[in-house]
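S.K.: Take a look at the following structure, please.
The values are calculated or read from the model by the stated rules, or taken from the named source; none is laboratory data. These numbers were taken from a predicted model, which means no experiment stands behind them. Positions of Cβ are generated from backbone atoms using ideal geometry, with glycine treated the same way; all protein chains shown enter the neighbour counts.
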Amino acid sequence: MIDYEGFLSRAGARMQESAIRRMGTVLAQKQDIISFAPGYPAPETFPWYEFQEIARELLTGTDGSVLQYGPTRGFRPLLETIEIIMASRGIATSHERLLITTGSQQGLDLVARVLLDPGDVVLVELPTYTGAITAFRNVQAEMVGVQQESDGIDLTHLDEVWTRLARDNRRIRLLYVVPNFQNPTGLLIGLEKRRLLLDWASRRNLLILEDDPYRELFFEDSATEADVRPIRADDREGRVIYLSSFSKTLAPGYRVAWIDAPGPLAAKFEMAKQAEDLLTGSLDQRIVYEACRRGVLQRQLPLLRRHYRYKRDVMIEALRRGLGDDVSWPEPRGGFFLWVTLPPAIDADRMIPRAVGHGVIYVAGEAFFVNGTGGTNIVRLSFSAPSPDRIRAGATRLALTVRGELDALRARGKTAAAPARPVQS
Ligand SMILES: Cc1ncc(COP(=O)(O)O)c(C=O)c1O
């Protein structure tokens with residue numbers, strides 16, 4: 001028997017499957033489970049017919065470049081389209097700054113590889129997106145968490161954390177934030193705070209990595225274009241590396257996203273991407289480009305905003321009906337997620353087998369915390385993919401799960417807050 005562990009690099013040995021992907025294994029084991037776990041877009045919103053038309057036209061065999069290798073930076077007309085999309089978000093950019101990536105996940109990976117050495121510090125929100133945790137962990141960076149308030153990252157805590165690390169002579173490279181409808185909390189960073197964050201990064205001389213996949217999905221009852229203005233839009237110094245994606249607006253299966261970064265960094269990301277995959281799929285880029293050119297994306301956006309807002313409302317109503325005031329959440333003004341705090345005695349990770357028994361699954365909150373503790377009695381629920389009926393049924397199942405867990409804890413005389421368990425970051 002070969003000991004493959006012995007062959008792993010130090011970075012390889014530290015790699016871990018993300019908690020959300022792990023849920024996929026749980027799902028595969030059981031039929032008829034209602035999943036609130038992954039942040040998948042609603043398949044019923046995909047513009048199937050338009051995609052069919054576009055793909056048929058592209059695949060007539062008259063234009064070889066559709067299936068050919070192409071420039072690493074991306075398909076030029078798509079880059080030009082992205083410039084227009086960026087302008088609509090208040091961002092002036094240019095070709096030298098842009099790179100099409102295989103999902104924003106690749107953007108995270110490229111930034112991590114190009115900017116971080118083992119032991120370097122990345123400041124992240126508490127909680128933060130697990131895919132970013134994976135990318136930073138893979139290059140052996142150290143993540144240090146900064147608390148959030150109802151309007152996003154806590155600037156006072158941010159500076160305290162920075163000061164402590166600087167005193168210890170740590171190399172602090174990057175602040176990673178998801179300002180719009182954050183994954184997992186759904187929170188929005190306040191507008192004034194965004195500007196203060198830029199000033200702060202300038203004073204402390206570090207770069208901001210702004211990850212913005214949910215920006216278009218604001219719910220018009222409570223948020224507007226103005227609320228989702230990217231931090232990058234007010235960046236005059238070149239401090240912000242900006243990521244965005246077509247995953248949540250067109251379809252994630254195309255894996256088409258982009259990085260906008262200062263020219264010298266964009267050139268490095270391009271070199272790193274050459275080693276990873278040479279370029280993002282040519283056909284995917286062409287389909288996405290055509291969908292933009294023909295107005296499909298523009299037509300999708302208002303539909304998506306209404307659709308996800310409706311699903312959010314269905315989930316909130318169903319949870320209120322099932323669990324009353326035993327649960328709470330910040331009401332998301334956009335995006336895919338409800339960040340639900342359960343009664344303090346509950347350990348959401350330990351409750352998973354009971355939830356699966358009742359036919360429902362979620363992501364336990366602690367997966368999103370990098371500092372070892374937190375989120376024990378919190379679950380992230382995605383309302384994006386399941387149908388409204390399944391959201392209602394899933395909420396009922398979740399309520400049964402929580403009630404059952406509380407009964408079991410009472411029977412064992414444990415109704416105090418669950419002790420925070422150390423989690424790996
Ligand atoms: C905050 C955040 N960043 C990045 C991604 C990755 O998106 P993509 O499909 O473009 O790789 C996601 C996907 O869920 C996300 O929530």
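S.K.: Please indicate, with yes or no, whether at least one residue in segment 325-334 is within 16 Å of the ligand (Cβ to nearest atom), touching a Lys or Arg at 6+ places or on another chain (Cβ under 8 Å) and either in the same structural domain as Ser222 (by TED's automatic domain parsing) or of a type in the set (Phe, Trp, Tyr) (or both).
M.R.: no
S.K.: A further question follows. Could you tell me which of the residues Ile287, Ile352, Ile316 is without any contact (Cβ under 8 Å) to a residue 24 or more places away in the chain and hydrophobic (A, V, I, L, M, F, W, C)?
M.R.: After applying the criteria, what remains is Ile316.
S.K.: From the set of residues in segment 253-262 that are touching a residue at least 60 places away in the same chain (Cβ under 8 Å) and among the small types (Gly, Ala, Ser), which is surrounded by the most Cβ atoms within 10 Å (Cβ to Cβ)?
M.R.: Step one: of segment 253-262, the residues touching a residue at least 60 places away in the same chain (Cβ under 8 Å) are 255-262.
Narrowing further to those that are among the small types (Gly, Ala, Ser): 257, 261.
On the way: Ala257: 25, Ala261: 29.
By that ranking, first place goes to Ala261.
One line per residue, one yes/no per condition, for (1) surrounded by fewer than 17 Cβ atoms within 10 Å (Cβ to Cβ); (2) assigned to a loop (DSSP other than H, G, I, E, B); (3) of a type in the set (Val, Ile, Thr):
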position	(1), (2), (3)
Thr373	yes, yes, yes
Thr376	no, yes, yes
Ala399	no, no, no
Val402	no, no, yes
Lys414	yes, yes, no
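S.K.: On the given criteria, is Phe218 away from the ligand (no atom under 14 Å from the Cβ), assigned by TED's automatic domain parsing to the domain that holds Ala266 and among the aromatic types (Phe, Trp, Tyr)? Steps first, answer last, please.
M.R.: Values: away from the ligand (no atom under 14 Å from the Cβ): yes; assigned by TED's automatic domain parsing to the domain that holds Ala266: yes; among the aromatic types (Phe, Trp, Tyr): yes.
Considered against the rule, which asks whether it is away from the ligand (no atom under 14 Å from the Cβ), assigned by TED's automatic domain parsing to the domain that holds Ala266 and among the aromatic types (Phe, Trp, Tyr), Phe218 comes out as yes.
S.K.: For segment 231-252, name all the residues that are more than 15 Å from the ligand (Cβ to nearest atom) and surrounded by fewer than 22 Cβ atoms within 10 Å (Cβ to Cβ).
M.R.: The answer is Ala233, Asp234, Asp235, Arg236, Glu237, Gly238, Arg239.
S.K.: Yes or no: Val228 within 16 Å of the ligand (Cβ to nearest atom) and out of contact with any helix residue (DSSP H, G or I) (no Cβ under 6 Å at 6 or more places or on another chain)? Can you show your working first?
M.R.: Working: within 16 Å of the ligand (Cβ to nearest atom): yes; out of contact with any helix residue (DSSP H, G or I) (no Cβ under 6 Å at 6 or more places or on another chain): yes.
Taking the combined requirement at face value, the residue satisfies it.
S.K.: Is there any pair with a first residue in segment 169-190 that is under 14 Å from Asp212 (Cβ atoms) and free of Cβ contacts under 8 Å to residues at least 60 places away in the same chain and a second that is aliphatic (A, V, I, L, M) and in a loop (DSSP other than H, G, I, E, B) whose Cβ atoms are under 6 Å apart and which are 6 or more apart or on different chains, and what are they?
M.R.: Pro179/Ile189
S.K.: Across segment 62-98, what is the number of residues that are within 16 Å of the ligand (Cβ to nearest atom) and of a type in the set (Phe, Trp, Tyr)?
M.R.: Residues in segment 62-98 being within 16 Å of the ligand (Cβ to nearest atom) and of a type in the set (Phe, Trp, Tyr): 0 in total.
S.K.: While we're looking at this one, here's another question. Look through Thr401, Thr341, Thr376, Thr396 and report the one residue that is polar (S, T, N, Q), at pLDDT 95 or above and touching a Phe, Trp or Tyr at 6+ places or on another chain (Cβ under 7 Å).
M.R.: Numbers: Thr401 fails: touching a Phe, Trp or Tyr at 6+ places or on another chain (Cβ under 7 Å); Thr376 fails: touching a Phe, Trp or Tyr at 6+ places or on another chain (Cβ under 7 Å); Thr396 fails: touching a Phe, Trp or Tyr at 6+ places or on another chain (Cβ under 7 Å).
Criteria check complete, one pass: Thr341.
S.K.: Of all residues in segment 253-266 being small (Gly, Ala, Ser) and part of a helix (DSSP H, G or I), which is farthest from the ligand (Cβ to nearest atom)? Spell out how you get there, then give the answer.
M.R.: Start the filter on segment 253-266 by keeping residues that are small (Gly, Ala, Ser), which leaves 253, 257, 261, 263, 266.
Retained after the next criterion (residues that are part of a helix (DSSP H, G or I)): 253, 263, 266.
Details: Gly253: 9, Gly263: 23, Ala266: 18 Å.
Here the answer is Gly263.
S.K.: For segment 99-120, which residues satisfy the criterion of being surrounded by fewer than 23 Cβ atoms within 10 Å (Cβ to Cβ), more than 9 Å from the ligand (Cβ to nearest atom) and not charged (D, E, K, R)? Lay out the reasoning, then the answer.
M.R.: Going residue by residue through segment 99-120, those that are surrounded by fewer than 23 Cβ atoms within 10 Å (Cβ to Cβ) are 102-103, 105, 113-120.
Still in the list and also more than 9 Å from the ligand (Cβ to nearest atom): 113-120.
Those that are surrounded by fewer than 23 Cβ atoms within 10 Å (Cβ to Cβ), more than 9 Å from the ligand (Cβ to nearest atom) and not charged (D, E, K, R): Val114, Leu115, Leu116, Pro118, Gly119.
S.K.: For the condition more than 30 Å from Gly374 (Cα to Cα), in the same structural domain as Ala233 (by TED's automatic domain parsing) and out of contact with any strand residue (DSSP E or B) (no Cβ under 7 Å at 6 or more places or on another chain), what is the one hit in Glu80, Glu160?
M.R.: Working: Glu160 fails: more than 30 Å from Gly374 (Cα to Cα).
Criteria check complete, one pass: Glu80.
S.K.: Do we find a residue being touching a residue at least 60 places away in the same chain (Cβ under 8 Å), small (Gly, Ala, Ser) and buried (at least 18 other Cβ atoms within 10 Å of the Cβ) anywhere in segment 200-223?
M.R.: Yes, some residue in segment 200-223 is touching a residue at least 60 places away in the same chain (Cβ under 8 Å), small (Gly, Ala, Ser) and buried (at least 18 other Cβ atoms within 10 Å of the Cβ).
S.K.: Can you go through Phe337, Phe269 and tell me which one is over 30 Å from Glu149 (Cβ atoms) and within 16 Å of the ligand (Cβ to nearest atom)?
M.R.: Values: Phe337 fails: over 30 Å from Glu149 (Cβ atoms).
Checking each option against the conditions leaves just Phe269.
S.K.: May I ask you to list the residues in segment 94-115 that are in a strand (DSSP E or B) and among the hydrophobic types (A, V, I, L, M, F, W, C)? Working first, answer last.
M.R.: Pass one, segment 94-115, residues in a strand (DSSP E or B): 98-102.
Within segment 94-115, Leu98, Leu99, Ile100 meet the criteria.
S.K.: Right, here's the next one. When segment 56-86 is examined, which residues are found to be buried (at least 17 other Cβ atoms within 10 Å of the Cβ) and either at pLDDT below 95 or assigned to a loop (DSSP other than H, G, I, E, B) (or both)?
M.R.: Gly70, Thr72, Arg73, Gly74, Phe75
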